[in-house]
Amino acid sequence: MIKDHVLKHTGLILLLAVLFTPMIAKAETTTVCTLISDAKTGRTIVEEGQCAARATAASTFKIAISLMGFDSGILKDAHHPVWSFKEGYPDWRAAWRGDTDPQYWIEQSVVWYSQQINIRLGEARFRNYVTSFDYGNADVSGDAGKQNGLTRSWLSSSLQISPAEQVEFISKMIRGELPVSKQAREIAMGLFDIGVQANGWHVFGKTGAGLSQNADGSPINGQPWGWFVGWATRGSQTIAFARLTHDSTRPAKSPGFGARDTFLAEYFATDGAF
């Protein structure tokens, strides 16, 4: 009798597993927006999706931070200054636990290096730069009531930006319309070199990934945004682009890497994509 009961119970569990397995949420990536514009004229080349929808700036904000850093003199060139990791700094990636210079900061997307630049800028200069860049909603207050804007505002917090605003920001940078020196702009832009692609376009860009948020600003675990933002040149042509994705559950690959890889494959692997 006990054996029969166990067999029936086991069978019921297996049956329920079969019945409900299809109902378990499958990881699904949605492309929220793909936007490509002529950086010099502003002419839209590709526009698909909800390109006015704002999301956390995440690590794409490093483009703006690099401009601030070089313009203010805090950053000197691609390899200076070198700052050392300290206990208590964000270190959820092993690659962040060592000495870091500006080039490595961008290559490895080192959060604490961004924070140290902003701390050296101070609240007033940091806020003034973001406002003068007209960067998204320009809200660098950070998490409500925590006064952590210098270290957290772009990380699934108060600073939000849309793909359309990303492309406008990148285009202004390329045209020299942001309030930073030419030297700062040129050094900063060089940090984001991804290389010449199969169709001859030389691509520069930055990935980003961050959590979605509730109306009160609290993070929603497991539903991340993925960004790939940047620009590309070929001959006399220069384009600015932004891709924003959203995942229903946490994907195996970083959402930013996924956004970058699919975008490069779609638009820079062959001619005629746009």
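Between a residue in the stretch 179-201 that is under 20 Å from Arg234 (Cα atoms) and any residue that is of a type in the set (Lys, Arg), which pairs come within a Cβ distance under 7 Å, given they are 6 or more apart or on different chains?
Filtered contacts from the stretch 179-201: Phe192/Lys206; Gly200/Arg234; Trp201/Arg234.
Residues that are open to solvent by 10 Å² or more (accessible area, probe 1.4 Å) and acidic (Asp, Glu): does the stretch 250-269 have at least one? Steps first, answer last, please.
Initially, the stretch 250-269 is screened for residues open to solvent by 10 Å² or more (accessible area, probe 1.4 Å), giving 250-255, 257-258, 260-262, 264-267, 269.
Now drop any that are not acidic (Asp, Glu), which leaves 261, 266.
There is at least one residue in the stretch 250-269 that is open to solvent by 10 Å² or more (accessible area, probe 1.4 Å) and acidic (Asp, Glu).
Can you tell me which condition Met173 does not meet? The list is (1) within 26 Å of Thr31 (Cα to Cα); (2) open to solvent by less than 70 Å² (accessible area, probe 1.4 Å); (3) free of Cβ contacts under 8 Å to residues at least 40 places away in the same chain, and all the others hold.
(3)
Could you tell me whether the stretch 220-241 includes any residue that is over 20 Å from Gln50 (Cβ atoms), among the aliphatic types (A, V, I, L, M) and crowded, with 18+ Cβ neighbours inside 10 Å?
Yes - at least one qualifying residue is present in the stretch 220-241.
Looking at Leu159 and the list (1) under 24 Å from Ala53 (Cβ atoms); (2) open to solvent by 60 Å² or more (accessible area, probe 1.4 Å), which single condition is not satisfied?
Condition not satisfied by Leu159: (2).
Please verify whether Ala164 is among the aliphatic types (A, V, I, L, M) and under 28 Å from Thr249 (Cα atoms), treating the condition exactly as stated. It would help to see each step written out before you state the result.
Working: among the aliphatic types (A, V, I, L, M): yes; under 28 Å from Thr249 (Cα atoms): yes.
When the stated conditions are applied, Ala164 passes them.
Which of the numbered conditions does Ala53 fail, given that it passes all the others? Conditions: (1) under 16 Å from the mean Cα position of the chain (by Cα); (2) buried (at least 24 other Cβ atoms within 10 Å of the Cβ); (3) small (Gly, Ala, Ser).
That leaves (2) as the condition not met.
For the stretch 127-142, how many residues are under 20 Å from Gln116 (Cα atoms), assigned to a loop (DSSP other than H, G, I, E, B) and open to solvent by 40 Å² or more (accessible area, probe 1.4 Å)?
Of the residues in that region, 2 qualify.
Given the condition under 15 Å from Trp154 (Cα atoms), open to solvent by less than 30 Å² (accessible area, probe 1.4 Å) and under 19 Å from the mean Cα position of the chain (by Cα), answer yes or no: does some residue in the stretch 88-96 qualify? Spell out how you get there, then give the answer.
Taking the stretch 88-96 first, the residues under 15 Å from Trp154 (Cα atoms) are 90.
Checking which are open to solvent by less than 30 Å² (accessible area, probe 1.4 Å) leaves us with 90.
In the following step, the residues that additionally are under 19 Å from the mean Cα position of the chain (by Cα) were identified as 90.
Checked against the condition, which is being under 15 Å from Trp154 (Cα atoms), open to solvent by less than 30 Å² (accessible area, probe 1.4 Å) and under 19 Å from the mean Cα position of the chain (by Cα), the stretch 88-96 yields at least one hit.
The values are calculated or read from the model by the stated rules, or taken from the named source; none is laboratory data. Note that the structure is predicted; figures quoted are calculated from it, not measured. Neighbour counts are summed over all protein chains in view; Cβ atoms, including those assigned to glycine, are modelled from backbone coordinates with ideal geometry. Protein only, heavy atoms only, side chains kept; ligands, DNA and RNA dropped before computing areas. Shrake-Rupley method; radii C 1.70, N 1.55, O 1.52, S 1.80 Å.
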